[in-house]
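The values are calculated or read from the model by the stated rules, or taken from the named source; none is laboratory data. As the structure is a prediction and not an experimental result, all values here were calculated from the model. Neighbour counts run over all protein chains shown; Cβ positions are idealised from the backbone, glycine included. Calculation scope for accessible area: heavy atoms of the full protein, side chains included, ligands and nucleic acids excluded. Shrake-Rupley method; radii C 1.70, N 1.55, O 1.52, S 1.80 Å.
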Amino acid sequence: MAFRKFLPLFDRVLVERFTAETVTKGGIMLPEKAQGKVLEATVVAVGPGSVNPKGNVTPVSVKVGEKVLLPEYGGTKVILDNKDYFLFRDGDILGKYVE
Amino acid sequence: MAFRKFLPLFDRVLVERFTAETVTKGGIMLPEKAQGKVLEATVVAVGPGSVNPKGNVTPVSVKVGEKVLLPEYGGTKVILDNKDYFLFRDGDILGKYVE
Amino acid sequence: MAFRKFLPLFDRVLVERFTAETVTKGGIMLPEKAQGKVLEATVVAVGPGSVNPKGNVTPVSVKVGEKVLLPEYGGTKVILDNKDYFLFRDGDILGKYVE
Amino acid sequence: MAFRKFLPLFDRVLVERFTAETVTKGGIMLPEKAQGKVLEATVVAVGPGSVNPKGNVTPVSVKVGEKVLLPEYGGTKVILDNKDYFLFRDGDILGKYVE
Amino acid sequence: MAFRKFLPLFDRVLVERFTAETVTKGGIMLPEKAQGKVLEATVVAVGPGSVNPKGNVTPVSVKVGEKVLLPEYGGTKVILDNKDYFLFRDGDILGKYVE
Amino acid sequence: MAFRKFLPLFDRVLVERFTAETVTKGGIMLPEKAQGKVLEATVVAVGPGSVNPKGNVTPVSVKVGEKVLLPEYGGTKVILDNKDYFLFRDGDILGKYVE
Amino acid sequence: MAFRKFLPLFDRVLVERFTAETVTKGGIMLPEKAQGKVLEATVVAVGPGSVNPKGNVTPVSVKVGEKVLLPEYGGTKVILDNKDYFLFRDGDILGKYVE
């Protein structure tokens, strides 16, 4: 898988957004504009953490496989193996979904 | 409940605003524009606290269940189980109501 | 009293402005525009103080009951029990009146 | 005197500007526009000093009674007992006149 | 080689972008506008690291020869021996490709 | 002399610019616009140095009597005894001329 | 030489740009607009280094005589003995050429 070969640097987190719902429950296909922006995502790779001026590393607060809530704006689109991923700073991720 | 499954990151606080008064004491229904913006809210989930560059964690200053006063602007709307919640940074919450 | 039930967070200070003079010494009622902006206020509640990244708390520099001078701009209006109060950061209060 | 009753907070310094020259040496009265802006002032009250996040206090660098040079812009006008004073941050005062 | 003679200062990283694909798989030559911006690059030289005010050096997080992902904007074009290179701050490089 | 009576605060440096050349070598008087801006100056008074939040003082890097090079912009004009002086922050002075 | 008499302050570095090529290899004189901006320079004087709030000095990272690569923008033109030099902050110099 693509994210196996890509290692984010510092406190960056690579996520894959959930698939947007393109069909209503009644079976009607939604045009792209009517599809809500997907803010839920799965963490697929994490950086080693940010480094302070003394060289101490603060690990990121999410783990690979966790489901997170992204902010509406921000993030950097990254294309790996023709698939869209997004890089966010650890501190910009709003929260995570726990069982 | 939705907030049971959602854990804010860092010093973020998830709150649920009080319900706006939609009917006057005399029983007249208020249009949405006439309803005041609700600034009181109940804390439903809190992050573990902010992390400084040395890795120390500063816990947030409010607890789940506390009634807080929100600033008029700011905050991030979060929809969990079709219900509106808001995320605020701990430092942006103005105060809390104590018995 | 309202401020008994409200606890400002961090270094916030809740004040109640002095009443504006609405009648001249000669007994003429002043229209609201002619009334000067009231910058003197009484401290009615104080937060526990600001917290630095190491968790140390710096208490605020004013006490409940003290008379303070507010800056002309800034502050957040807070309505408690239908009465207007204002929240200021401790560092934004210009000075206090001492006997 | 007014400044006896007013205590600036933190590193604020209360000053009273020198009186502007309103009459030329030849005895001609100067209109207000022709009067230069007065930048010399006397310190009438000083705050206890700024507080760093660890709680240490750095005292201000001027003393009550000293003659100082003010920057052309900045400062906050304060009216005490119907007399104009100005508050400046200690760090904004340009220098002092010594005998 | 050019990069042998050039040593970036501080936390700067000198990279050489991958060659843009100028011909489609079917053999059609692509005009420059249709060629995607190349964000993959090879590290050709690294600075000694950033220096904090105490004189401690934090080494950069990438090594010569590593394949990195560049941000879409930023970087400084450097021409060495008539060949284009780019300087990026270590902290601006998004991630690296590992085997 | 004026600068004997004036003590700059913190890391401020009081300088007196060299006199602009108003006559060419051939004896032609230069209009003010044709006179270059004078960036060389003599240090006439220095502040005690900047104070960090812990109270440590960092002395300024120039001494009274030294010839310095000023930046083209910045500085505060100060009139002492009807003579023009300029205050610069120590860190804004570009360099000094040594024998 | 001019730079012998001039000592940059703090982390400033005085450089002399390489001479622009004004004649092509074929002998045609280039108009000034066609001459590329010269970014290579020789270090002619360096400041003692920047001083942190505790008084520690961080020496600059280049030495007199070294060949450096300048950023395209920035720097302060300094005229010494009718010759153009440029002052750059140590941290703004992109890199140096080593043998």
Condition check: under 16 Å from the mean Cα position of the chain (by Cα), over 15 Å from F:L9 (Cβ atoms) and more than 10 Å from every other protein chain (Cβ to nearest Cβ). Does D:A20 satisfy that? yes
When you scan segment E:77-90, do you find a residue that is under 30 Å from G:K54 (Cα atoms) and modelled with pLDDT of 95 or more, even just one? yes
In segment D:44-57, is there at least one residue being within 25 Å of F:G75 (Cα to Cα) and surrounded by 15 or more Cβ atoms within 10 Å (Cβ to Cβ)? no
Looking at C:G74, is it in contact with a helix residue (DSSP H, G or I) (Cβ under 9 Å, 6 or more places away or on another chain) and of a type in the set (G, A, S)? yes
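Inspect all residues belonging to segment F:59-66 and state whether any of them is crowded, with 16+ Cβ neighbours inside 10 Å, in contact with a Lys or Arg (Cβ under 9 Å, 6 or more places away or on another chain), in a loop (DSSP other than H, G, I, E, B) and within 8 Å of chain G (Cβ to nearest Cβ). Write out each step before concluding.
Initial filter on segment F:59-66 (crowded, with 16+ Cβ neighbours inside 10 Å): F:60-62, F:66.
Now drop any that are not in contact with a Lys or Arg (Cβ under 9 Å, 6 or more places away or on another chain), which leaves F:60-62, F:66.
Next, from what is left, pick out any that are in a loop (DSSP other than H, G, I, E, B): F:60-62, F:66.
In the following step, the residues that additionally are within 8 Å of chain G (Cβ to nearest Cβ) were identified as F:61-62.
Among the residues of segment F:59-66, at least one is crowded, with 16+ Cβ neighbours inside 10 Å, in contact with a Lys or Arg (Cβ under 9 Å, 6 or more places away or on another chain), in a loop (DSSP other than H, G, I, E, B) and within 8 Å of chain G (Cβ to nearest Cβ), which makes the answer yes.
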Checking B:L39, B:L7 in turn, the sole residue that is under 25 Å from A:K67 (Cα atoms), touching a strand residue (DSSP E or B) at 6+ places or on another chain (Cβ under 9 Å), in contact (Cβ under 8 Å) with a residue 12 or more places away in the chain and not charged (D, E, K, R) turns out to be B:L7
Can you name every residue in segment B:78-99 that is touching a strand residue (DSSP E or B) at 6+ places or on another chain (Cβ under 7 Å) and under 14 Å from B:V13 (Cβ atoms)? B:V78, B:Y85, B:F86, B:L87, B:F88, B:R89, B:D90, B:I93, B:L94, B:G95, B:K96
Would you mention how many residues in segment D:50-74 are among the small types (G, A, S) and in contact (Cβ under 8 Å) with a residue 40 or more places away in the chain? 1
Taking the criterion of being over 30 Å from E:G55 (Cβ atoms) and within 10 Å of chain B (Cβ to nearest Cβ), would at least one residue in segment A:29-44 satisfy it? yes
Can you name the residue in segment G:11-38 that is assigned to a loop (DSSP other than H, G, I, E, B) and open to solvent by less than 40 Å² (accessible area, probe 1.4 Å) and is also modelled with the highest pLDDT among such residues? G:D11
Could you count how many residues in segment A:45-58 are within 13 Å of chain B (Cβ to nearest Cβ) and in a loop (DSSP other than H, G, I, E, B)? 6
Matching residues, segment G:72-99, being part of a loop (DSSP other than H, G, I, E, B) and surrounded by 15 or more Cβ atoms within 10 Å (Cβ to Cβ): G:G75, G:I93, G:L94
Name the residues in segment E:63-91 that are aliphatic (A, V, I, L, M) and under 18 Å from A:L87 (Cα atoms), would you? E:V68, E:L69, E:L70
Residues located in segment A:67-93, provided they are closer than 17 Å to E:Y97 by Cα and more than 7 Å from every other protein chain (Cβ to nearest Cβ): A:K77, A:I79, A:L80, A:D81, A:N82, A:K83, A:D84, A:Y85, A:F86
A:K96 vs (1) closer than 25 Å to E:I93 by Cβ; (2) facing chain B (nearest Cβ under 8 Å); (3) free of Cβ contacts under 8 Å to residues at least 40 places away in the same chain: all pass except (1)
